[in-house]
Amino acid sequence: MMKIGFSKDIHPLVEGRPFILGGIHIDHPKGPLGHSDGDCLLHAISEALLGALALGDLGKFFPDTDPKYKNYDSSLILQEVFNYVEGKGYVVCNLDCMVSLENPKLRPYVDDIRKHIAEILRTDISRISVKATTFEGLGIVGEEKAVICEAVVLLENDMIWGL
């Protein structure tokens, strides 16, 4: 049994906030605003995993009204979500992510981001794709007011095949 999940997340960028993306700290004067650490990429991945199993959105499990999750590490969110997914017998076949961000440029960080995500998802880095694009100066992304992350995940139930 294979299942696919998709998610998209957006966070405003604000001065003086740490920029954390894919669990990696990035040197930049602006960072994503959020109730947790604002890691837009890990939020999109977590929600895509939940969506693949038709479990609802991230807010259902990690509500921004709960003070427990204030400044919460999104790597822990992804870990908790994946523990549940794995407990249902699923493994990641592949994960494809797109980060829309004008600045900073992500090329120097992509391999570290992929490695971090692969470790959490207990899979090989070759199954994790992280790409970046700009909006060529257009809209809220192009004006450096926001970051948008999208994730598509394909899961396979390894219990069915006896793996």
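The values are calculated or read from the model by the stated rules, or taken from the named source; none is laboratory data. It should be emphasised that the depicted structure is a prediction, and the values quoted were computed from it without experimental measurement. Note: ideal-geometry Cβ built from the backbone for every residue, glycine included; neighbour counts use all protein chains shown.
Taking the stated definitions as given, is Asp64 surrounded by fewer than 16 Cβ atoms within 10 Å (Cβ to Cβ) and at pLDDT 90 or above? Let's see the steps before the verdict.
Values: surrounded by fewer than 16 Cβ atoms within 10 Å (Cβ to Cβ): yes; at pLDDT 90 or above: no.
For Asp64, the condition - surrounded by fewer than 16 Cβ atoms within 10 Å (Cβ to Cβ) and at pLDDT 90 or above - is not met.
Residues in region 4-37 that are exposed (fewer than 15 other Cβ atoms within 10 Å of the Cβ) and of a type in the set (Phe, Trp, Tyr): Phe6 only. Taking region 1-39 as the range and being in a loop (DSSP other than H, G, I, E, B), under 18 Å from Glu144 (Cα atoms) and more than 14 Å from the chain's Cα centre (by Cα) as the test, the residues that pass are Gly16, Arg17, Pro18, Asp27, His28, Pro29, Leu33. Within the span defined as region 122-137, one or more residues are touching a helix residue (DSSP H, G or I) at 6+ places or on another chain (Cβ under 8 Å), buried (at least 16 other Cβ atoms within 10 Å of the Cβ) and among the charged types (D, E, K, R).
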